[in-house]
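Below is one structure; the comments refer to it alone.
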Ligand code: NAD
Ligand code: DAU
């Protein structure tokens, strides 16, 4: 076993932020196994071109032979598992890919990790970690006055995406309890920041506001999410990996609950400030309430007391500052934006929004 860690899905939004910040903090080698679906973009990791500490492996986590041989060859000390289908609306339109990657893929990874870990010597077996990155959506939905999700909140997933992540969490848990594989699980709230694919709320609204397009808010816009700046999430994963207790789960949240309509309004105001259009109407005039997402969870909120108490992690970025940085990043990275908005992206936008009637 060596110093390297194996990251899955490292060409996606959180995974690429994680690898970039890992190189600046821990600085030890990273192998990135990614299938490069529509959401995976190797350009996110361009700053690591030519860096001998970084190895990219194009492949599928469902490919047991590939995963097994990669583990035997590279001998990583840990696996940090981000790879997933991650967009709720796509899971409603086409659930099958979610079951394949999120459930079957996690199973393959756990099974191959178990075989690799079983063959390690005693010290390496004790030090090995499998960190499974999951979501708060597995807990279902909250009423306005309900306490935030804690690690003991019962699972109640409501979308095919959430159900597939819940399935993967249960598998991860079972591999610890049955086989002793040193598994850690994190359940995190909504991330935002650089490199997020513009199908998700915040980047979609920033780009539409910049381009004067309508801003499609689902339903009454009062659904609440707990927003976490992606670099804070990456810091949480690093501390769980280094000091978390195997078999435990840790909830990670931003302590920033906001209704969607307030997030979209804040984006409009920031875009008006940074890119003023003298004489034009405020961008809030672009907001349109449209037909809701089926089964739309009303509120998510994370109680992150356990990770604060046990590992000393707290989010560092307040929502206003994180949102400002994010808006600036999308304005300053139009080349990245244009590269990810392919024909397939435009097809998805047409599929998801064309038939949504305005309310
Ligand atoms: P993303 O959709 O941006 O990226 C997913 C990455 O996984 C892509 O690079 C994609 O190419 C890769 N991938 C997909 N299927 C694969 C397969 N079969 N084999 C190998 N690679 C594959 O996702 P994200 O937003 O970065 O989320 C990362 C993880 O964090 C996911 O597990 C997600 O459930 C979880 N999570 C995300 C959020 C959020 O707000 N984005 C919040 C909580 C948890
Ligand atoms: O809570 C963690 C989860 O957050 C992650 O597990 C998921 O991978 C991630 O995609 C995210 O899920 P959400 O469904 O909360 O994120 P999304 O950006 O799709 O939507 C955020 C909120 O905004 C949600 O209430 C739906 C709403 N929305 C979204 C889109 C894309 C709109 O009102 N209009 C839109 O066009």
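Bear in mind these aren't lab numbers, they're just calculated from the coordinates by the rules spelled out. Just so we're clear, the structure is a prediction, and the values are computed from it rather than from any experiment. Please note: Cβ atoms are built from the backbone with ideal geometry, for glycine as well, and neighbour counts cover all protein chains shown.
Worth a mention:
- Whole-number percent relative contact order across the range 155-271, with pairs defined as alpha carbons under 8 Å at least 6 apart: 35 percent
- Under a Gaussian network description of the chain, with springs only between Cα atoms under 10 Å, the residue in 85, 317, 273 that fluctuates furthest is 273.
- Across the chain, Cα pairs under 8 Å and at least six residues apart give a relative contact order of 17 percent.
- For 189, 256, order by how many other beta-carbon atoms lie within 10 Å, fewest first: 256, 189
- Taking label positions 7 Å along the Cα-Cβ direction at both residue 122 and residue 239, the computed distance is 3.3 nm, reported to one decimal.
- Contact order, relative form, for the range 1-141: 28 percent (alpha carbon pairs under 8 Å, 6 or more residues apart, mean separation divided by residue count).
- Across 304, 320, 166, mean-square fluctuation computed from a Gaussian network of the chain (C-alpha pairs under 10 Å connected) peaks at 320.
- Per-residue Cβ neighbour counts within 10 Å put 181, 120 in the sequence 120, 181, beginning with the fewest.
- Inter-label distance, residue 357 to residue 2: 6.1 nm, where each label sits 7 Å from its Cα along the C-beta direction.
- Near-label residues of the range 335-359 by backbone N, under 17 Å of a point 7 Å along Cα→Cβ of residue 214: 349-359
- Inter-label distance for residue 346 and residue 273, nm, one decimal - labels placed 7 Å from Cα along Cα-to-Cβ: 3.4 nm
- Ranked 195, 345, criterion: other C-beta atoms within 10 Å, fewest first: 345, 195
- Our helix-only sum for the chain, with -39,500 (n - 2.57) per DSSP H run of n ≥ 4 divided by its residues, gives a mean residue ellipticity at 222 nm of -12500 deg cm²/dmol.
- By the compact-protein rule of thumb, 2.2 N^0.38 Å, the alpha-carbon radius of gyration of the range 236-311 corresponds to a ratio of 1.67.
- What the Cβ-Cβ distance of residue 96 and residue 46 gives, at R0 = 41 Å and to the nearest 0.05, is a FRET efficiency of 0.80.
- Within a Gaussian network of the chain (alpha carbon springs, distance under 10 Å), most fluctuating of 207, 20, 286: 286
- Förster-model FRET efficiency, 30 Å R0, residue 150 and residue 289, C-beta, rounded to 0.05: 0.40
- Isotropically averaged projected area of the chain, using the convex hull of Cα atoms (one quarter of hull area), nm²: 17.3 nm²
- Rounded to 10°, Cα long-axis angle of helix 319-332 versus longest principal axis of the chain: 80 degrees
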